[in-house]
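Working notes, structure below.
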Amino acid sequence: MVTSNQDIDFGRRLGGSGVPAWILSALFHFFLVVLLAFVIREEPKGVRDEPERTGGIILVKNSPTKTEYFTEEDIQESAEQANAGNASALEQALPKLNELNESLPGFLPSDDDFGKIGAELGDNILGAETFLDGISKGIKEGVSKDVTTEVFGVQGTGTKFVYVFDRSGSMDQYGGKPLRAAKSQLLSSLNSLGPDQMFQIVFYNDFPRALTPRGGKPKLLFATEANKRDAKRFVSGISGSGGTHHLSALKMAVDFGPDVLFFLTDADDPLKNEKELDTIDRWNRNAATINSIEFGTASSGDRNNFLVKLARRNGGQYVFKNVTLFID
């Protein structure tokens, strides 16, 4: 090893401390070599620390003058600002509650309006139940198709009517006045019906015969002008003859399901007992109102016969007509 004068001088100065000079010189050079190794050490290739990167979506907007970059955060912030602007605009457009009376004059009903409604309905506005009943009644009257018609003063109200008229030989007595009077009342009642109501006509003696203007099975018909004309032709062609069989005619009539049934007969062959009335009650499944019109003379009327009971048991009315008083 070559030793410079500086090293020898350094060794001499340290030799005074009792440590051999050559050892101290060796230690000095060792530390010097280590220090140089750290200073001139070359950094290994491919082992650089890279800054942490995160993934994301970037939108690029190119224009002739510049290029703009937008991140997801930018887009979300813009959307929030737009929503806030729309909400503010909507809030400004809608009227405040205290502005409704000025912005919409007459739009909302006032207390006076409700008072007028109650007065028109004939009800007390302070009674909610009575007021609502009045409204319900008005609605029903507005949409109801019910009508009231009558035969010899006996009235019936509904939408479906069936006329069951006796045409036996006894109805052709007194110059045919009883049957002619019955036909006149039937047609007058029929004329009071409108196209929203329905009807059927059954004339009977030993057997019932219903109106079938186009043939087929008898059914209820709407009271149109055409059907009324067919009914008039049917009625005009009926004549009196034969016996009387009430039950078969009444069975046919109630099977039509009417609201009101007008039953007219001279009671020449009355029902025999209560069991026959019970049978009619069972047939009358739709609970039709049965009105009874009895033809007879002053001496023949029985104010508690089967016609009276039939009307009473089926919610109808009874009337007696003296055929000797009929005038053509």
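Identification of strands (runs of 3 or more DSSP E) wholly contained in the stretch 198-273 with 1 or more residues that are closer than 20 Å to ASN284 by Cα and touching a Lys or Arg at 6+ places or on another chain (Cβ under 6 Å) yields 198-204.
For (1) within 18 Å of TYR204 (Cα to Cα); (2) assigned by TED's automatic domain parsing to the domain that holds GLY158; (3) free of Cβ contacts under 8 Å to residues at least 24 places away in the same chain, each residue gets a yes or a no:
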site	(1), (2), (3)
LEU250	yes, yes, no
GLY257	no, yes, no
PHE262	yes, yes, no
THR265	yes, yes, no
LYS275	no, yes, yes
ARG285	no, yes, no
THR289	no, yes, no
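Picking from residues in the stretch 124-157 that are in contact with a Ser or Thr (Cβ under 6 Å, 6 or more places away or on another chain) and not in a strand (DSSP E or B), the one that is modelled with the highest pLDDT is ASP146. Cβ-Cβ distances below 7 Å connect the following pairs, each with a first residue in the stretch 303-328 that is assigned to a helix (DSSP H, G or I) and surrounded by 12 or more Cβ atoms within 10 Å (Cβ to Cβ), a second residue that is among the basic types (Lys, Arg) and modelled with pLDDT of 90 or more, and a separation of six or more residues or different chains: VAL323/LYS177. Can we say LYS232 is within 23 Å of SER192 (Cβ to Cβ), surrounded by 14 or more Cβ atoms within 10 Å (Cβ to Cβ) and among the basic types (Lys, Arg)? Spelling it out, LYS232 is indeed within 23 Å of SER192 (Cβ to Cβ), surrounded by 14 or more Cβ atoms within 10 Å (Cβ to Cβ) and among the basic types (Lys, Arg). Condition test on LEU221, is it surrounded by 14 or more Cβ atoms within 10 Å (Cβ to Cβ) and more than 21 Å from PHE152 (Cβ to Cβ)? For LEU221, the condition - surrounded by 14 or more Cβ atoms within 10 Å (Cβ to Cβ) and more than 21 Å from PHE152 (Cβ to Cβ) - is met.
Restrict the check to the stretch 280-290 and report whether at least one residue is among the aliphatic types (A, V, I, L, M), closer than 17 Å to LEU187 by Cα and in a strand (DSSP E or B). No, the stretch 280-290 contains no residue that is among the aliphatic types (A, V, I, L, M), closer than 17 Å to LEU187 by Cα and in a strand (DSSP E or B).
Number of residues in the stretch 158-182 that are within 11 Å of ILE201 (Cα to Cα) and either assigned to a helix (DSSP H, G or I) or β-branched (Val, Ile, Thr) (or both): the value is 2. The residues on offer are PHE234, PHE207, PHE203, and the sole one that is within 18 Å of ASP166 (Cα to Cα) and touching a residue at least 40 places away in the same chain (Cβ under 8 Å) is PHE207.
The values are calculated or read from the model by the stated rules, or taken from the named source; none is laboratory data. Just so we're clear, the structure is a prediction, and the values are computed from it rather than from any experiment. Neighbour counts are summed over all protein chains in view; Cβ atoms, including those assigned to glycine, are modelled from backbone coordinates with ideal geometry.
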